Structures are given as C-alpha cells and as structure tokens.
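This report concerns only the one structure given below.
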Amino acid sequence: MGFSVSVSHGLSSQLSSSLHGQHVSSSSSKSTLFMAFPLTSSASTLSGKERRFEHKLVVYSKKVSGLDEAMRIRRERELQSTTKFRRRPPLRRGKVSSRLPVPGHIPKPPYLSSNILPEISSEHQIHDAEGIAQMRAACELAAQVLDYAGTLVRPSVTTDQIDKAVHQMIIEAGAYPSPLGYGGFPKSVCTSVNECMCHGIPDSRQLQNGDIINVDVTVYLNGYHGDTSKTFLCGDVSGALKRLVTVTEECMEKGIAVCKDGASFKKIGKRISEHAEKYGYGVVERFVGHGVGTVFHSEPIILHHRNENPGVMVEGQTFTIEPILTLGGIECVTWPDNWTTLTADGSPAAQFEHTILITRTGAEILTKC
C-alpha cells in the first residue's frame, strides 16, 4: 500500500520543488552554446537603401541533458492524447458498508489506537535472519490472498464482496488486514478501478465488463507487514488497457532488477521511467514505495520517476516498489473521503507492487506465492 508524500506527510511538494530547482539550475549551467552564426545577404549586392532593411538571423542550439529530454517527452505527452481507448463512464462512489470485525485473539498493529494517519518512520528496516523469516511468512500470505482476490474479479461482482472475502481469508490465517483502521481507512483492502490511481475504498459498485482493477493487499502477521498489489482484467478488456497493465508490471520488474546491496535508490526511478516513456505512459510522482516490516510505512521513500535523491540499498533491507502508470496525465484528484485518488483527466491507471528483500547480489521478491 503506497502513500502520498505530498498530502500525508508534506514531503512530495518539498521534494518536487527541490528536485525541480536543482534540475533548472543544473541544466542552465550545463547547457552549452555550440553554434551561432548570422545568415545575411551579401553586402556587395545590396544598395545603401536596401542595407537599411537588412536582417540578421542567428541560429542557436544547445546540448540537452537527460533530465531535459525527459521533461520534454513528458510535456509533449501531456499536451497530446494520441492513445486510443474507449472512455468508460466516470467512476462513482457506491455505498460503503460498515467496518468488518476482527477476532480479539488476533494481534493488531499499534496504529489502531488513533484515526490520525501515522507519521512515516525515519528508521530503515533492516532484518536479521529471524526477521527475514517472519517477513517471508507475512509476504507469502499476502501473495496468496492477492492471488485469491484475483479469482473473484469478474463482471457483476462488487468491490465490497472482494473486501469481505479478503478479510475472511486473512483473519482465518491468524493475521490482521493492515489497511483496516490505518489512518481511519474503513476497509481491509484497497480496490482501485479504471481511473482510480490507488486507495480506492471497496463499495457496492459492480465491476463492469472491460474494467481494470488494482487490488492492494497488506497483512500483519506475527508483528510483520507483507504488502503487494496487482492490476487485474475484468472480462473483455481493450487492447490499449491490456498494454497499459502489461507495461506497468514490466516497469515494476525493471525497477526490481536494478536492486542489490550498495545500489542507488535513484536507479529504480530511472529504469521505470525509461521503459514507460517508450510507450508514452505517465509515471505518477505523488505516490511512492516505502520501507516495510514491523512498521507499515517507513524510510526509504521509493520514487518511481527520474530523481537525484541520494542513498543506497543495504543487505537485509525490505521495501516496496509500486509504480503507477497512466494513459494520460499524472495529475490527480482525491475524493472527499480523503483516500480515493483518481487521475485528473479521467485516463485509466494501473499499478503493481512487490515487497522485496535486498541481498548481496540482487533482490528477493518476497510477495510471491
């Protein structure tokens, strides 16, 4: 379950402004004039009167940095809508049922004592052998629950029915559904349909043929959180949406592929952005990955877009990678429930997420069945 650093914790706008500031200053300082010459008529062929109307045309060109080029591609993509897809009716809020109970014997996370969204822990979660074993167990359960949730995705099924089934499976395993009560979130799973980027609240809306839906599952088992999500196809889905879903999963996989002990976090965003841009897709910047373990959300904050954030990965560390891609712009709007977040232009969005463990030579995906 990702989070918004701009709304929840006031970091995104700060990061964005600082990153953009660095980008502008660095690009202006590194831009180099390498061609400037006048184009004029020959002075010997012009009379004195004609020379008064002589014009000089100077052509300038400059080197373009990688970040400059990325921003240019982004601006062009946001100014045009060349991707063809049949726009579906706008998402509307259905009826939200009451919160489901959890048996008293199941251990519960500490944040349930308040409806206030917890602060992001500044501590990176690095585990010993016992902690890694506990993380594997929690993540494996989360993966099994997500796999089961995917079998329920079909036309006419409501997202509330998916929530109830997920809730029951989690508590039967002796675990707690981490989203339930987190910052006041009323359900046990996030279900984000079509243009909903993330944090959709399950309700009475029936899934329609041709929908896409992200199901985001996090379980709290024996004091550890396992976090994963996947975008599923509902019925007969258009080719444009299938491609978006496929490329989003590929982006997540490419981000994971660069991870290992000592690798820079910024490589994740670079690799994801490079792949998404090949298809003209937007990479949402507002929502990020995060450290996960005994604490639901902690440092490091994982940016999925190009960035120059410092920091390197450490063996034994666990965090999520969970990019969101869109067919249009990356700006978003949040419903009055303060959770459900949609693309501002109504374009479809897809997301995939894994919890990974950093090893000496690579990354182990923990949220696999």
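Every residue, every condition in (1) modelled with pLDDT of 95 or more; (2) within 19 Å of residue 139 (Cα to Cα); (3) assigned to a loop (DSSP other than H, G, I, E, B), yes or no:
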position: 300; (1), (2), (3): yes, yes, no
position: 336; (1), (2), (3): yes, no, yes
position: 346; (1), (2), (3): yes, no, yes
position: 361; (1), (2), (3): yes, no, yes
position: 364; (1), (2), (3): yes, yes, no
position: 367; (1), (2), (3): yes, yes, yes
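Taking the stretch 243-275 as the search range and keeping residues that are touching a Lys or Arg at 6+ places or on another chain (Cβ under 6 Å) and open to solvent by less than 10 Å² (accessible area, probe 1.4 Å), which one is nearest to residue 326 (Cα to Cα)? Residue satisfying both the conditions and the ranking: 273.
Considering only residues in the stretch 102-134 that are polar (S, T, N, Q) and under 14 Å from residue 292 (Cβ atoms), the one that is least open to solvent (accessible area, probe 1.4 Å) turns out to be 125. Among the residues of the stretch 154-179, the one identified as open to solvent by 20 Å² or more (accessible area, probe 1.4 Å), hydrophobic (A, V, I, L, M, F, W, C) and assigned to a loop (DSSP other than H, G, I, E, B) is 173. Total residues in the stretch 232-262 satisfying the condition of being more than 30 Å from residue 126 (Cα to Cα) and touching a residue at least 60 places away in the same chain (Cβ under 8 Å): the figure is 10.
Spot the failing condition for residue 278; the list is (1) without any contact (Cβ under 8 Å) to a residue 40 or more places away in the chain; (2) buried (at least 20 other Cβ atoms within 10 Å of the Cβ), and only one is missed. That leaves (2) as the condition not met. Against the test of being assigned to a loop (DSSP other than H, G, I, E, B) and either closer than 30 Å to residue 94 by Cβ or modelled with pLDDT of 95 or more (or both), the options 294, 320 yield a single qualifying residue, 294.
Mind checking whether some residue in the stretch 207-227 is closer than 20 Å to residue 154 by Cβ, open to solvent by 40 Å² or more (accessible area, probe 1.4 Å) and part of a loop (DSSP other than H, G, I, E, B)? Yes, because at least one residue in the stretch 207-227 is closer than 20 Å to residue 154 by Cβ, open to solvent by 40 Å² or more (accessible area, probe 1.4 Å) and part of a loop (DSSP other than H, G, I, E, B). Here residue 204 fulfils each of the conditions (1) of a type outside the set (D, E, K, R); (2) in contact with a Leu (Cβ under 6 Å, 6 or more places away or on another chain); (3) open to solvent by 10 Å² or more (accessible area, probe 1.4 Å) apart from (2).
The values are calculated or read from the model by the stated rules, or taken from the named source; none is laboratory data. This structure is a prediction, so every number in the text was calculated from the model and none was measured. Cβ sites come from the backbone with ideal geometry, for glycine too, and all protein chains shown count toward neighbours. Protein only, heavy atoms only, side chains kept; ligands, DNA and RNA dropped before computing areas. Shrake-Rupley method; radii C 1.70, N 1.55, O 1.52, S 1.80 Å.
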